[in-house]
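Below: one structure, written as structure tokens.
The values are calculated or read from the model by the stated rules, or taken from the named source; none is laboratory data. On a predicted model such as this, the values are computed, not experimentally measured, just so you know. In this analysis, Cβ positions are derived from the backbone assuming ideal geometry, glycine residues included, and neighbour counts consider all displayed protein chains.
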């Protein structure tokens, strides 16, 4: 039988792991989303940018995977069903729009805003150990930078059209 303190510790750890698993899953989704977006543009510079973002999200996932393993838990191995449905929607939208770069960038902005919100929410609602909090803040800063870059790219594409 566990004491109240042991139960609280277990509940706290479970909450921590659940939050990290959720962010891990979202990063798998983002990585796949960027890879999918690559196929929806013909612009070589945009393809390279999207590839860089996909690699970045893979790195985020690897870092989260490591933190989950350090907690003696088994990390999730794939993204969410919702992420798969979103990628399908992007593919359909892009095919209807004729692989429009602006549409691809709009979806990237939407995805990055959602990631930013999820990281902020996780950081605001939880008391993570300093090491994990540093990892999450680093990810959040990079997501915010990506969001700014994508918005700049979108305005360049809009001016061309």
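Tell me, which residue of the stretch 91-102 that is surrounded by fewer than 21 Cβ atoms within 10 Å (Cβ to Cβ) and in a helix (DSSP H, G or I) is modelled with the highest pLDDT? Among residues in the stretch 91-102 that are surrounded by fewer than 21 Cβ atoms within 10 Å (Cβ to Cβ) and in a helix (DSSP H, G or I), the one modelled with the highest pLDDT is 102. Could you grab me the full set of residues in the stretch 19-33 that are surrounded by fewer than 22 Cβ atoms within 10 Å (Cβ to Cβ), more than 8 Å from the chain's Cα centre (by Cα) and within 18 Å of residue 104 (Cα to Cα)? Of everything in the stretch 19-33, just one residue is surrounded by fewer than 22 Cβ atoms within 10 Å (Cβ to Cβ), more than 8 Å from the chain's Cα centre (by Cα) and within 18 Å of residue 104 (Cα to Cα), namely 32.
Do we have residue 72 as in a loop (DSSP other than H, G, I, E, B), modelled with pLDDT under 85 and on the phi > 0 side of the Ramachandran plot here? For residue 72, the condition - in a loop (DSSP other than H, G, I, E, B), modelled with pLDDT under 85 and on the phi > 0 side of the Ramachandran plot - is not met. Among the residues that make up the stretch 27-43, is at least one of them out of contact with any strand residue (DSSP E or B) (no Cβ under 6 Å at 6 or more places or on another chain) and within 15 Å of residue 67 (Cα to Cα)? Taking every residue of the stretch 27-43 in turn, at least one turns out to be out of contact with any strand residue (DSSP E or B) (no Cβ under 6 Å at 6 or more places or on another chain) and within 15 Å of residue 67 (Cα to Cα). Taking each residue of the stretch 29-44 that is on the phi < 0 side of the Ramachandran plot and outside any helix (DSSP H, G or I) and looking for partners that are modelled with pLDDT under 90 and buried (at least 19 other Cβ atoms within 10 Å of the Cβ) with beta-carbon atoms closer than 7 Å, six or more apart or interchain, yields 40/90; 40/94; 40/104; 41/101; 41/104; 43/101.
Which of (1) surrounded by fewer than 22 Cβ atoms within 10 Å (Cβ to Cβ); (2) under 18 Å from residue 115 (Cα atoms) is the odd one out, the single condition residue 14 does not satisfy? Every condition holds for residue 14 apart from (2).
Assess whether residue 67 counts as being assigned to a helix (DSSP H, G or I), modelled with pLDDT of 90 or more and within 14 Å of the chain's Cα centre (by Cα). So residue 67 fails the test.
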